[in-house]
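Below you'll find the structure, written out as structure tokens, and then a few comments.
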Amino acid sequence: QHVQQITVLGATGSIGTSTLDVISQHPERYQVFALTAHSRIAELQALCLRHRPRFAVVADAAQGQRLQSDLRSAGVKTEVLSGAQGLCAVAAHPEVDAVMAAIVGAAGLESAMAAVTAGKKILLANKEALVMSGALFMRAVHEHGAQLLPIDSEHNAIFQCLPCNYAEGLAPLGVRRILLTASGGPFRNSSYAELEKVTPAQACAHPNWSMGQKISVDSATMMNKGLELIEACWLFAARPEQIEVVIHPQSVIHSLVDYVDGSMLAQLGNPDMRTPIAHAMAWPERIASGVAPLDLCALARMDFIAPDLQRFACLRLAIEAAQAGGATPIVLNAANEVAVAAFLQERIGFTQIPQLIEDVLNSAVVSQAQNLPEVFAVDQLARQHANVWLNKQSVNVGVGS
Ligand code: NDP
Ligand code: MG
């Protein structure tokens with residue numbers, strides 16, 4: 001059997017770490033070809049010592065040179081590259097079989113697209129890529145014969161509950177709806193007054209999943225579910241009206257597909273990303289992931305609740321952006337990235353996150369984006385609007401105090 005060469009984009013992150021865990025369990029099937037990091041260089045160095053990849057990629061050239069000489073003195077032959085060029089090179093390298101796209105945010109789009117245009121097998125965790133450029137991304141997947149497998153647990157669940165010819169459309173398959181489950185995050189039962197006082201540490205403490213900071217805040221605002229709704233529309237050729245969000249606090253059912261005959265198929269499992277990662281890596285085969293089987297009697301019950309679009313305005317904004325289509329989701333995503341970063345830096349409060357996004361959506365002039373440079377132009381414009389909003393905010397705070 002050919003040992004598959006795997007590039008892990010975002011290797012130092014939560015998904016990257018889980019991916020390397022699964023790879024380590026199957027050395028006869030998978031080998032690490034390249035690892036990339038952004039700020040956690042010491043962690044990347046440790047990963048290089050352990051996995052001995054052909055390439056490692058860091059953000060800037062000076063950091064790269066330092067890492068290169070450290071690795072040489074440790075007797076590791078890894079070649080260090082840097083910048084966006086380095087990311088795209090290891091995503092599209094001819095010897096690579098599969099690329100895990102696990103960089104967070106808009107920063108992950110270009111390298112994910114490079115893997116697509118090189119016709120790779122893409123394990124897609126970076127949902128922001130599809131939110132920003134779904135039409136372009138899916139077209140490129142088809143044109144270049146790439147194989148796109150969803151890592152996001154909900155989308156991986158839906159994928160598992162659909163027949164494999166879903167790309168030809170949901171209606172001929174008898175699919176009535178897709179049900180996207182959401183944990184509801186740490187503030188599922190908080191009042192609006194309580195939400196106003198939420199701290200970054202509280203927002204990052206997710207009850208069921210351990211994840212990177214950005215997606216943890218997105219889960220707390222429920223923007224994550226909104227981004228996932230847009231992601232699902234592209235992956236499964238669905239209209240926003242065909243997707244329903246349901247809160248399921250135990251995070252055991254990862255999503256469901258509802259068929260016209262009344263059957264509902266669901267995928268269940270413990271909340272551990274190694275399950276969807278192992279599923280996508282081995283598909284259509286199955287391999288062990290290290291995740292324990294679900295203990296149904298210990299679980300005892302499962303609850304389902306309709307989401308509250310008033311307290312969780314981010315979900316409403318994302319649904320509206322999905323319906324608006326065009327470049328609106330790019331603006332939504334960019335404004336959200338700026339808002340989440342500002343919240344983590346304690347520049348704005350938790351309930352100001354949707355306020356900033358809504359104001360930017362209303363102020364940014366939105367058109368279509370026909371290619372990647374146009375996507376990034378809209379992204380940059382929305383970030384400018386968001387930063388103007390933030391600066392006004394600090395002026396107001398200054399006047400008030
Ligand atoms: P983390 O923050 O844990 O990791 C992000 C990774 O991206 C790190 O390796 C980081 O490098 C790298 N990175 C950050 N900024 C840049 C940049 N500007 N250029 C290049 N690399 C960069 O995030 P997660 O692993 O939690 O999430 C990754 C993606 O997967 C997100 O899109 C998220 O929505 C999605 N996802 C995550 C899930 C989870 O359970 N965590 C579940 C479903 C989807 P460094 O650490 O060195 O700075
Ligand atoms: Mg998810």
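See the values below:
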| read-out | value |
| --- | --- |
| Span-like helix ranges in the chain, DSSP H, alpha carbon extent 20 angstrom or more, Kyte mean at least 0.0 | 127-143, 328-344, 372-400 |
| The stretch 172-243 - Rg and Dmax from Cα coordinates, angstrom | 14.6, 48 |
| P(r), alpha carbons of the stretch 11-141 - 10 Å bins starting at zero, rounded % | 13, 45, 34, 7, 0 |
| Three-way shape call for the stretch 89-213 based on the alpha-carbon gyration tensor, with the a/c threshold at 1.5 | oblate |
| For the stretch 229-327, diffusion coefficient by Stokes-Einstein and Kirkwood Rh (Cα), 10 °C, 1.306 mPa s, µm²/s | 99 |
| Pair E194, V395: separation of 7 Å Cα→Cβ label points (nm) | 3.7 |
| Length gained when the stretch E244-S210 is fully extended (0.36 nm per residue, less Cα-Cα span) | 9.8 nm |
| Other-chain or far-sequence residues with amide H under 5 Å of L294's (modelled H) | N270 |
| Globularity index of the stretch 286-397, i.e. its alpha-carbon radius of gyration over 2.2 N^0.38 Å | 1.42 |
| Spatially proximal aspartates and glutamates relative to K77 (Cα-Cα < 19 Å; intrachain offsets below 8 disregarded) | E43, E95 |
| Spatial extent of the stretch 230-288: Rg and Dmax, with the Cα atoms as the point set, Å | 13.3, 36 |
| Cβ-based net charge around C161, under 11 Å, with every Lys or Arg adding one and every Asp or Glu removing one | -2 |
| DSSP-defined beta bridges in the chain - what % are antiparallel, rounded to 5 | 25 |
| Principal semi-axes in Å for the chain [√(5λ), Cα gyration tensor, largest first] | 31, 27, 21 |
| Selection from G290, Q202, I151 lying farthest towards where the dipole of the chain points positive, charges on Cβ | G290 |
| Scattering profile of the stretch 186-282 at q = 0.10, 0.13, 0.19, 0.25 Å⁻¹ [log10 I(q)/I(0), Debye over alpha-carbon scatterers] | -0.34, -0.57, -1.13, -1.48 |
| Kirkwood Rh (inverse of mean 1/r, distinct Cα pairs), the stretch 295-352, angstrom | 13.9 |
| Mean Cβ neighbour count within 10 Å, used as a protection proxy, ranking 74-84, 174-184 highest first | 174-184, 74-84 |
| In the stretch 250-301, trypsin sites (Lys or Arg not before Pro) in a DSSP loop with at most 11 other beta-carbon atoms within 10 Å | R286, R301 |
| For the chain, calculated [θ]222 nm from helices alone, where every DSSP H run of n ≥ 4 adds -39500 (n - 2.57) | -15000 deg cm²/dmol |
| Test item: Cα-centred dipole of the chain, Lys/Arg +1 and Asp/Glu -1 on Cβ, debye | 640 |
| Ranked by how many other beta carbons lie within 10 Å on average, peptides 219-226, 91-98, 189-196, 387-394 from highest | 219-226, 91-98, 387-394, 189-196 |
| Ranked packing of 335-346, 39-50, most packed first, by mean Cβ within 10 Å | 335-346, 39-50 |
| Cross-link reach list, lysines versus K197, counting only Cα pairs under 23 Å and skipping chain neighbours closer than eight places | K214, K225, K392 |
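FYI, it's all coordinate maths here, none of it is from the lab. Predicted, not measured: the structure shown is a model, and the values here were computed from it. Note: ideal-geometry Cβ built from the backbone for every residue, glycine included; neighbour counts use all protein chains shown.
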